[in-house]
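What follows draws every value from the coordinates through simple rules; no lab data is involved. Please read these numbers as outputs of a predicted model, since none were measured by experiment. Quick reminder, even Gly has a Cβ in these numbers, built from the backbone with ideal geometry, and neighbours come from all protein chains shown.
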Amino acid sequence: RKVHEFLTVGAAAPLQHAVVTALNFPPSYYDGLAAEYAESRDVLLGYLDQTGLSYTRPEGAYFVMLDISPFGYASDVEFAHWMTKEIGVAPVPGSSFFANGENRYVRLNFAKHPATLHAAGERLLKLKR
């Protein structure tokens, strides 16, 4: 119980120092970071648009929830295994983010190096419906 309290209530000292450093970065740093993420998002969404699949457009995070219901899998975990083996892109099963057992989504991360993102995008085109 005591360990739990220290892990959940207080922030570790190194993290506090890192936050102070980050708060002193100029606004241009964060503007550039936001622009990079927006560009990466648009690259991934461009590929997904070509597949014809539905997804949830991210509004702040660097993740996209892809609707896998057209594939007919009973489980997002099964689909994630299939996608990793057959498509070569490893998604995270969406059910791990829902309390009610939702299993028709997988999560994709676009915070990747541009070359990695384009390679994944080309593979994702195999999902075209």
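The table for this structure:
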item: Lysine pairs in the chain with Cα atoms under 25 Å, if 8 or more residues apart or on separate chains; result: 5
item: Residue-span extension gain [ALA61 to LYS126] - 0.36 nm each, minus C-alpha spacing; result: 20.9 nm
item: Contact order relative to length of region 34-127, as percent, for alpha carbon pairs under 8 angstrom and 6 or more apart; result: 36
item: FRET E, pair LEU15, ALA99, Förster distance 30 Å, beta-carbon r, rounded to 0.05; result: 0.60
item: Along each principal axis, Cα extent of region 34-127, largest first, Å; result: 36, 27, 20
item: Highest-first arrangement of 16-26, 70-80, where packing means the average Cβ count within 10 Å; result: 70-80, 16-26
item: Kyte-Doolittle at least -1.0, axis length at least 24 Å by Cα - qualifying DSSP helices, the chain; result: 27-51
